[in-house]
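Every number here is computed from the coordinates shown, using simple stated rules; none is lab data. Computed from a prediction, not measured in an experiment: that's the story for all the values here. Cβ sites come from the backbone with ideal geometry, for glycine too, and all protein chains shown count toward neighbours.
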Amino acid sequence: MLEGLVQHDHPLTLQHILDRMRRLYGDSEVVTLTDAGKERAVYAEVCERIDRLCRALESLGVGPGDRVATFAWNSQRHLEVYLGVPCMGAVLHTLNIRLFEDQLTYIANHAEDKVMLVDDSLVPVIEKVAPTFETVEHWVVMGDGDAGSLRGAIRYEELIADQPAGYDYPELDDRAAAGLCYTSGTTGNPKGVLYSHRSNVLHALASCLADSIAISHSDRVMPVVPMFHANAWGLPHASTFVGADLVMPGRFLQPEPLARLIEEERVTVAAAVPTIWADLLRYADEQKPDLSSLRVVPCGGSAVPLELMKAWDERHGVTVLQAWGMTETSPVGSVARAPRGADGEEYWTYRSKAGRILPLVEARIVDDDGNEVAWDGESTGELEVRGPWIASDYYNDPSGREKFDRGWLRTGDIAAIDDHGYIRITDRAKDVIKSGGEWISSVELEGALMAHPDVLEAAVIAKPDERWQERPLACVVRAEGCDVSAEELREHLRSRVAKWWLPDEIAFIDEVPKTSVGKFDKKVLRKWLEEGTLQRQAVGAAES
Ligand code: ADP
C-alpha cells in the first residue's frame, strides 16, 4: 500500500481563522448595537485587541485547558473572547444568561470556571449567584456600567489597555478543547458538550458550503441567536473564517431594532429561532422597513412553520432556511435547501423538512428494538447521527452516557429520512403522543394549527386517556383581535391530518411558556394540565 499522508498534517485550529482575519480580512468589520449607539471595529483592530486579551488572561493565571466563561449578549467583545480564549489554549465556556440560578451554580462549578467575563447590563443577574461559584478567581466586567457586588471586578477595557501589543500563540493540537456549552438535558443536571478546535473549524467550513448556509466574504451576518446558544449556530466562526462582516444586536432583540439594523447595516444573513421571525414579519408588514438586503435567514431550534417560510419568501423575497441540530451537534447537522428540479408543492415539502444531512455527517434511524429503519421518507424511528462535529460523550458526566452508542449520538428526535437524505422530524421522543398504540406527531399538529391565520402559537401535549392511553391536547394562542373557536380549529385540521389525530380538547392560553433558549416549554404546559389550571374545551364530541 502506498503511504497515504503526503499532505502536511495541518492542525485544524481556530488560530487559522484568527490568522486569516488578521492577514486577509483586516478591513472586514464588526458592528455592535449598544445603549450608546453603534460601535464599529475592523478585524485588524479586533485581532490586535484579541492579542492583548490573551496576554491579560495569561497575567490573570489562565493556562492551557483552563475554562474561561462568558455571561454576555452578542457583541464585539464577546467575539474577542470567543476567539482569543481557544487560540491561547484555554477553553471558552458560554453560559446561558437565561438559566435558573441553581442551574448557573451547577454549571459554573461543574465546568470549574476560573475567570468570568460579564456584560455590565447582566451584572444584576449574575451577582446574586456569584458567591456560589466556587472556582471563579476573577470577574471581568465588559462595559462601563455598575460592577455591583462582583468581588474584585476588573474592567475589560482597562485589562487589555495595560497590555503590550502582540501575542505569541502556542502550538495547539486540533483535538484540544476549544469550547464548552451546556445543554438543558432531558433528565438530571445540564450536560456539558465540549467542542474541539477541529470540530469548530470543520463545522465552520461546512456552514460556508453552497448547499448549506453559504456564508461568503460578501455577506454581512447578523447572529440574533445568542452566542451562548450552541455557538450562535457556528456563525461567528464561519463568518470570520471567510471574512464576512458581523452585525451584533447586543441586548436589542425586539423587532424594531432588528429591522433597523438590517436596514441600516444592509444585513444579508440573519439567524434566529422561528418566534423572532414571526414577530419581525408582523412588524415588517406594518412598518415596511427596507429589508431588501436580506438574502437568507437560517432558522431552527424547533420546527419552522411552513406558512412563516412562505410569507417571508412571497412578501420579502427572503429564504427562511430551515436547519436542524442540537448543542451536541455543534449545532448544524442538516440544512433544508430543496434538491435540484423540485418546484411547486414538492419544493415546499423539501423546504419544510429539517434538511439534507451535511457532508461529513452520518445519520440513521433506529426502531425501539435497535434495528435500522429504511430511508423511505415514511418509516420513523429515533434519529442517530455521528461525525467530526457530533459529540460522542458529555463532559465529565457518565450519567448521560446512554445518549451515545459507539460514536453515534441518540438525538431523542423521532424522524423519517428519504432516499435523498432529507430528514423529517416528526417529534421529540419525549413529546410524541401515543394514542391506541400509534404515534401522533405533536410537531405536525402544531404546524397545521399554526397554518390557521388566527393562530399565533400552538403547542400540543399528550393528555392521559383511559381508552387510548394518550390523546392530543392543543394549547392555542389566538392572534391579536381574533376569536377563532375550538370547533373552527378542529374543522381547519380535518383536511390536514388523519381523523384520529384530531384533538378532542383545546385550551386557549395567553402565551406558550418558553424555555431559556426560546422553545415551547411543554413541561410547564404538562404541569398546568396536571394542576388543572388549563381551561380546556371539548371539541368534536358529537363525532366519536
Ligand atoms: P434543548 O434540548 O435545550 O432544546 P438544543 O438547543 O440542543 O437543546 O435543541 C435541540 C433540539 O431542538 C433537537 O433535538 C430537536 O428536537 C429540536 N430542533 C432543532 N432544530 C429543529 C428543526 N429544524 N425542526 C424540528 N426540531 C428541531
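Annotation: lysines with alpha-carbon distance below 20 angstrom to K499 (same-chain offsets under eight excluded): K434, K463.
About the centre of its Cα atoms, the range 84-222 shows a dipole size close to 460 debye [charges on the beta carbon of Lys, Arg (+1) and Asp, Glu (-1) only; nearest 20 debye]. Exposure proxy shown here: for L95, L281, the number of other Cβ atoms within 10 Å sets the order, fewest to most, as L281, L95.
How high is the relative contact order of the range 433-538, given as a whole-number percent (alpha carbon pairs under 8 Å, six or more residues apart)? Value for the range 433-538: 25 percent. Give me the tail of P(r) for the range 1-123 as a percent: Cα-Cα pairs with distance above 22 Å. Counting every Cα pair in the range 1-123, those more than 22 Å apart make up 45 percent.
Relative to the longest principal axis of the Cα atoms of the chain, helix 101-111 runs at roughly 50 degrees. Counting other Cβ atoms within 10 Å as a rough exposure proxy, the listed residues E328, E158 run E158, E328 from fewest neighbours to most. Compactness check for the range 359-428: Cα Rg over 2.2 N^0.38 Å is 1.11. For K288, a cut-off of 27 angstrom between C-alpha atoms picks up these lysines, skipping any fewer than 8 places away in its own chain: K38, K310. Taking the longest Cα principal axis of the chain as reference, the axis of helix 255-265 is set at about 50 degrees. In the range 96-150, a dipole from Cβ-located charges (positive for Lys and Arg, negative for Asp and Glu) runs towards its positive end, and of I126, A108, M142 it is A108 whose Cα lies farthest in that direction.
Roughly how tilted is helix 522-531, in degrees to the nearest 10 and between 0 and 90, from the longest Cα axis of the chain? Value to nearest ten degrees: 50. Summing Cβ point charges (Lys, Arg +1; Asp, Glu -1) relative to the Cα centre of the chain gives a dipole of roughly 200 debye. Taking all Cα pairs closer than 8 Å and separated by 6 or more residues, the relative contact order of the range 359-428 comes to 32 percent. Dividing the C-alpha radius of gyration of the chain by 2.2 N^0.38 Å, with N its residue count, gives 0.98.
Comparing Cα centroids, the range 396-421 and the range 238-284 end up 32 angstrom apart. Taking GluC sites (Glu not before Pro) across the range 349-420, the ones in a DSSP loop with at most 14 further Cβ atoms lying within 10 angstrom of their Cβ are E378.
Averaging 1/r over each pair of different alpha-carbon atoms in the range 433-538 and inverting the result gives 13.9 Å, the Kirkwood hydrodynamic radius. Toward the positive end of the charge dipole of the chain, with +1 on the Cβ of Lys and Arg and -1 on the Cβ of Asp and Glu, the farthest Cα among L383, G540, A448 is that of L383. Considering only L57, T34, L18, the residue lying farthest towards the positive end of the dipole of the range 1-65 is T34, judged by Cα position with unit charges set on Cβ. Based on DSSP H segments of at least four residues, each scored -39500 (n - 2.57), the chain has a per-residue ellipticity at 222 nm of -8000 deg cm²/dmol.
Compactness of the range 362-479 was expressed as the Cα radius of gyration divided by 2.2 N^0.38 Å, which yields 1.22.
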